[in-house]
Structures are given as C-alpha cells and as structure tokens.
1. Only one of (1) surrounded by 12 or more Cβ atoms within 10 Å (Cβ to Cβ); (2) closer than 28 Å to Trp113 by Cα fails for Gln63. Which number is that?
2. Test Phe97 against the criterion of being farther than 17 Å from Ile23 by Cβ and crowded, with 16+ Cβ neighbours inside 10 Å, and give yes or no.
3. From Ile149, Ile125, which residue is outside any helix (DSSP H, G or I), modelled with pLDDT under 90, surrounded by 12 or more Cβ atoms within 10 Å (Cβ to Cβ) and out of contact with any strand residue (DSSP E or B) (no Cβ under 6 Å at 6 or more places or on another chain)?
4. I'm trying to understand the selection: among the residues of the range 17-58, which are surrounded by 15 or more Cβ atoms within 10 Å (Cβ to Cβ) and under 15 Å from Ser71 (Cβ atoms)?
5. Only residues that are within 18 Å of Cys99 (Cβ to Cβ), out of contact with any helix residue (DSSP H, G or I) (no Cβ under 6 Å at 6 or more places or on another chain) and either exposed (fewer than 14 other Cβ atoms within 10 Å of the Cβ) or acidic (Asp, Glu) (or both): list them for the range 6-16, please.
6. What about Leu100, is it within 30 Å of Gln124 (Cα to Cα), out of contact with any Ser or Thr (no Cβ under 6 Å at 6 or more places or on another chain) and either touching a residue at least 40 places away in the same chain (Cβ under 8 Å) or of a type in the set (A, V, I, L, M) (or both)?
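The values are calculated or read from the model by the stated rules, or taken from the named source; none is laboratory data. No experiment lies behind these values; they were computed from the predicted model shown. Counting neighbours? That spans all protein chains shown, and the Cβs are built from the backbone with ideal geometry, glycine included.
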Amino acid sequence: MFGKLLLLFIIVPIIELILLIQIGQLVGTVPTIALIIFTGALGAFLVRRQGISVLNKIRTELQTGQLPAGSIFDGAIILLAGAFLMTPGILTDTMGFLCLIPPTRRFIKKLTWTRMQRAMRSGQIFTATAYGSDFQNRAYQNNAEDVIIIDHDDYR
C-alpha cells in the first residue's frame, strides 16, 4: 500500500506538470494560469453547492428515520472532489469534476461498495458492533479474553 501511495504522489505531479507545460506551450502562460484559477473557482462553487444539498438530504433522511448511508457516501465523494479541484492541475481537476457528476458518483459508489463487500468476505475488513450501554457486560459474558476495553478514565 505504501508503495502505491508513493508512486501516486510521484507520478500524478509529473503528469500534471507535463500537461500544464504542454497546454502552456499551446495556448500561452496567462491563459493556462487563468484556466487553473477558473477551474479552481468553479470547482469550489460546485462542491459547496452540492455539499449543502447533500447535507440537507442527510438531515431530511435522519428526520424521517432513514439511514443516510448513501448520502454520507455522496458527501465523502464530494469532499474528495473538492480536494481534487483545489489541487492545481488538469488531471486532478478532471477527476474532481467527474466526482461531481451524479451518474459518475453512482458508479464510484457502486464500485467502492462492491470492493468493500469483497474485502469483508475475504477478511481484509471486519465490522464491529457496539451493543449500547451494556456492551462491556455482554463482552465479558461472551468471550472476555477476546475483548480489550480501554476506559479513558484509567489514564488520568
């Protein structure tokens, strides 16, 4: 995983530089800088607008007693889009704008959900459930040796 991230942080900036240099040579320096500023401002506007929309949807779903899992996922993808759009470059801006398009966002959600399910089935990801206020008692009754409970009061 570390190797993939390292490659990502090396390869993406190199690609961005190559693209910006080529665009700069094609249209000039000032239009290239204007393009970067324009896409950043447009991206910030769109991310803010869609983010507020998703927050309102989450609020409505919570008020009606629904679990807002899909909307929270949308919010995470919009947050990712904002990070891409605030990073100067053509490739990252393209990825950010793609994250803001609802059909693309649905595809990203479906792809991510499928990968998470596969990882849970293979044991790479596991889920844990807390049972309310008596979680500690139930844990000790079931398999006390398998449960580690850390109480923050013990460290004062």
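1. The failed condition is (1).
2. no
3. Only one candidate qualifies: Ile125.
4. Once the filter is applied, which keeps residues that are surrounded by 15 or more Cβ atoms within 10 Å (Cβ to Cβ) and under 15 Å from Ser71 (Cβ atoms), the range 17-58 yields Gln50, Gly51, Val54, Lys57, Ile58.
5. Once the filter is applied, which keeps residues that are within 18 Å of Cys99 (Cβ to Cβ), out of contact with any helix residue (DSSP H, G or I) (no Cβ under 6 Å at 6 or more places or on another chain) and either exposed (fewer than 14 other Cβ atoms within 10 Å of the Cβ) or acidic (Asp, Glu) (or both), the range 6-16 yields only Leu8.
6. Numbers: within 30 Å of Gln124 (Cα to Cα): yes; out of contact with any Ser or Thr (no Cβ under 6 Å at 6 or more places or on another chain): yes; either touching a residue at least 40 places away in the same chain (Cβ under 8 Å) or of a type in the set (A, V, I, L, M) (or both): yes.
Considered against the rule, which asks whether it is within 30 Å of Gln124 (Cα to Cα), out of contact with any Ser or Thr (no Cβ under 6 Å at 6 or more places or on another chain) and either touching a residue at least 40 places away in the same chain (Cβ under 8 Å) or of a type in the set (A, V, I, L, M) (or both), Leu100 comes out as yes.
For every residue, the table says whether it meets (1) part of a helix (DSSP H, G or I); (2) closer than 21 Å to Gly43 by Cβ.
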residue: Gln66; (1), (2): no, no
residue: Gly70; (1), (2): yes, no
residue: Gly82; (1), (2): yes, yes
residue: Thr94; (1), (2): yes, yes
residue: Pro103; (1), (2): yes, yes
residue: Ile108; (1), (2): yes, yes
residue: Thr112; (1), (2): yes, no
residue: Met116; (1), (2): yes, no
residue: Ala119; (1), (2): yes, no
